[in-house]
1. Under the rule of at least 5 residues apart or a separate chain, name every residue whose amide H is placed under 5 Å from the amide H of ASN113.
2. With the Cα gyration tensor of the stretch 138-272 giving a ≥ b ≥ c as the square roots of its eigenvalues, does the rule (a/c under 1.5 for rounded; else a/b larger than b/c for prolate; else oblate) give rounded, prolate or oblate?
3. What shape does the chain take by its C-alpha gyration tensor, where a ≥ b ≥ c are the square roots of the eigenvalues and a/c under 1.5 counts as rounded, a/b above b/c as prolate, and the rest as oblate?
4. Please list, by residue number, everything in the stretch 244-271 whose backbone N is under 20 Å from a paramagnetic label point 7 Å out along Cα→Cβ of LEU9.
5. So how do 158-165, 297-304 stack up, highest first, on mean other-Cβ count within 10 Å?
6. Given a cut-off of under 8 Å on Cα pairs at least six residues apart, what relative contact order in percent is computed for the stretch 257-304?
7. Excluding ARG154 itself, calculate the net charge of residues whose Cβ lies under 11 Å from the Cβ of ARG154, where each Lys or Arg counts +1 and each Asp or Glu counts -1.
8. My understanding is that a pair violates if its Cα-Cα distance is over 24 Å; which of LYS58/LYS187; LYS31/LYS128; LYS197/LYS255; LYS128/LYS239; LYS167/LYS187; LYS126/LYS239 do that in this structure?
Amino acid sequence: MLVENTYDLIGHTPLMHLPMKTPNDVNIYAKLEMFNPGGSIKDRLGMALIQRGIAEGKVTVTTTIIEPTAGNTGIGVALAALKYHLPVKLVVPAKFSYEKQTLMRALGAEVVNTPSEEGIKGAIAKAKELAAEIGDAYVPLQFQNQANPDVYQRTLGPEILADLANKPIAAFVAGAGSGGTFAGIQKSLQDAYPELKGYIVEPAGSILNGGPAHSHRTEGIGVEFIPPFFKDLDYTGVKTISDDDAFYYVRWVAKNLGLFIGSSSGAALAASLEVAKELPHGANLVTVFPDSSERYLSEHIYEE
Ligand code: PMP
């Protein structure tokens with residue numbers, strides 16, 4: 001494959017039929033989003049946010065892009081902004097991985113840390129404050145921006161449908177941080193298969209199942225407020241996965257499949273195996289592996 005630039009490498013990631021024993025011999029297909037050039041599913045979003053800002057006239061050649069992020073969206077935004085030579089400030093709660101923050105800086109972004117205990121809400125408030133100070137600034141705000149679910153509905157969902165050709169999909173399982181990934185892909189797959197069951201994955205400590213909010217090691221998923229993208233969305237349920245289960249599958253997948261997956265992917269696999277128990281024999285289940293473990297090595301992702 002000959003490509004002319006980094007941006008041509010965004011999307012069209014492999015869909016892997018996981019070679020493993022599953023409940024009811026369900027086929028689990030995982031979209032391997034770590035194969036995007038910035039290393040995660042959020043490269044698609046970074047480009048969509050910047051391009052929509054330009055199209056709507058909110059971003060000109062001098063505009064500073066400011067975004068609150070747990071990391072991967074920041075890398076995606078920094079990558080996209082580089083194409084248009086736009087300055088970028090990313091507001092990241094201090095707890096998120098050293099590797100992700102280093103990669104943002106490598107792409108020329110400035111990283112502004114907020115206190116870990118203030119969570120993503122603290123980062124959102126700080127991003128708005130910085131934008132007001134700068135004036136000529138744009139905060140795409142992935143947590144509310146319709147470009148977020150839209151890009152997954154437009155690109156990732158159809159890629160899955162094309163790769164599976166005529167195999168009917170019984171269930172879709174994916175984690176939620178901003179909720180854009182789940183909402184967009186769920187809509188796309190449900191258009192093709194109206195009976196599709198959709199399960200959102202959250203770490204213990206996230207609030208979707210009504211559990212108490214607390215910190216968790218699983219990075220990139222978990223919500224502090226109900227994502228607006230879930231309004232009017234038709235889904236079946238929420239699977240809450242412990243950090244221990246998520247990290248168990250991170251290690252299991254490396255040892256048994258030779259694949260490096262991040263903790264939100266480990267949680268997605270743990271939830272997929274639970275959902276498989278409820279499906280008919282030989283059904284097809286689709287899930288998403290958003291990034292690689294390589295950006296969590298400093299957090300000792302492979303150590304028990
Ligand atoms: N996994 C990882 C590693 C992520 O960085 C993100 C984005 N924060 C997600 C899952 C969840 O994606 P979304 O924000 O679209 O819900």
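Values quoted throughout were computed directly from the atomic coordinates according to the rules given, and no laboratory measurement underlies them. None of these values were measured; they are calculated from a predicted model. Here Cβ is always computed from backbone atoms with ideal geometry, including for glycine, and neighbour counts include all displayed protein chains.
1. Those qualifying (amide H under 5 Å, at least 5 residues apart or on another chain) are VAL92.
2. Cα axes put the stretch 138-272 in the oblate bin.
3. Prolate is the answer for the chain, as a/c is 1.5 or above and a/b outweighs b/c.
4. Correct set: 259-262.
5. 158-165, 297-304
6. 54
7. Taking every other residue near ARG154 into account, the sum is 0.
8. Working: LYS58/LYS187 28 Å; LYS31/LYS128 34 Å; LYS197/LYS255 30 Å; LYS128/LYS239 32 Å; LYS167/LYS187 18 Å; LYS126/LYS239 31 Å.
Those over the limit are LYS58/LYS187; LYS31/LYS128; LYS197/LYS255; LYS128/LYS239; LYS126/LYS239.
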